[in-house]
1. Tell me what the chain gives for mean residue ellipticity at 222 nm when only DSSP H runs of n ≥ 4 count, each as -39,500 (n - 2.57), the sum divided by the residue total, rounded to 500 deg cm²/dmol.
2. Any chance you could tell me what percent of the C-alpha pair distances in the chain go past 24 Å?
3. Check the straight Cα-Cα distances from residue 3 and name the lysines below 23 Å, setting aside those fewer than 8 residues away within the same chain.
4. Over the chain, what is the mean sequence separation of C-alpha contacts under 8 Å (at least six apart), divided by residue count, expressed as relative contact order in percent?
5. Within the chain, which DSSP H helices have Cα atoms that stretch 24 Å or more along the helix axis and a mean Kyte-Doolittle hydropathy of at least 1.0?
6. So what is the relative contact order for segment 64-138, in percent, with contacts set as C-alpha pairs under 8 Å and at least six apart?
7. For the cross-link pairs 78/112; 62/112; 7/62; 89/134; 63/117, which exceed 28 Å when the distance is taken from alpha carbon to alpha carbon?
8. Relative to the present Cα-Cα distance, how much length would full extension add between residue 104 and residue 13 at 0.36 nm per residue of separation?
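What follows is calculated from the coordinates using simple rules that are stated; it is not laboratory data. Please read these numbers as outputs of a predicted model, since none were measured by experiment. Neighbour counts run over all protein chains shown; Cβ positions are idealised from the backbone, glycine included.
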Amino acid sequence: MIKYTLKCDQGHSFESWFDSAAAYDKVKTAGLVACSICGSTNVEKSLMTPQVSTKPEKTDLKKPISDIEKEIQALRAKVEANSDDVGTKFASEARAMYYGEKPQRSIYGQAKPEETKSLLDEGVPVAPLPWGPKTSAH
């Protein structure tokens, strides 16, 4: 994939991704490259500087980078501290609590899409969490 900075005849500058230089040429020739601001199809590539790093950066993938990642990490810690992880038994546990067969408590775990749909169809209140299961480090 190639990201081009483009400029239309009205002076608007915008970026767009293409599979290759040839792909850009093909859609440009067909008149399918248009300014995302005004719609003009009189568009040319702007002067670009490639992003090249001169030294490798070490990144700790376990540390959150953005504020939203930090918020999700804090939410996860709160859920895990105040709820029971029922793993793959989530659907049966949630259903049993909903029908009064088990005492109410906060739980989290995994459910297959069809299990989740079934719970929602029955009126069982469930919601997806914005993270997946923890993976073990190798």
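1. Values: 4 runs with 44 residues, N = 138.
It lands at -9500 deg cm²/dmol.
2. 61 percent
3. 26, 28, 45, 55
4. On the way: 129 pairs, mean separation 21.3, N = 138.
Value for the chain: 15 percent.
5. On the way: long enough: none.
Within the chain not a single helix satisfies the rule.
6. Details: 58 pairs, mean separation 20.9, N = 75.
RCO, segment 64-138: 28 percent.
7. Exceeds cut-off: 7/62; 63/117.
8. Numbers: separation 91, 0.36 × 91 = 32.76 nm, distance 5.61 nm.
Result: 27.2 nm gained on full extension.
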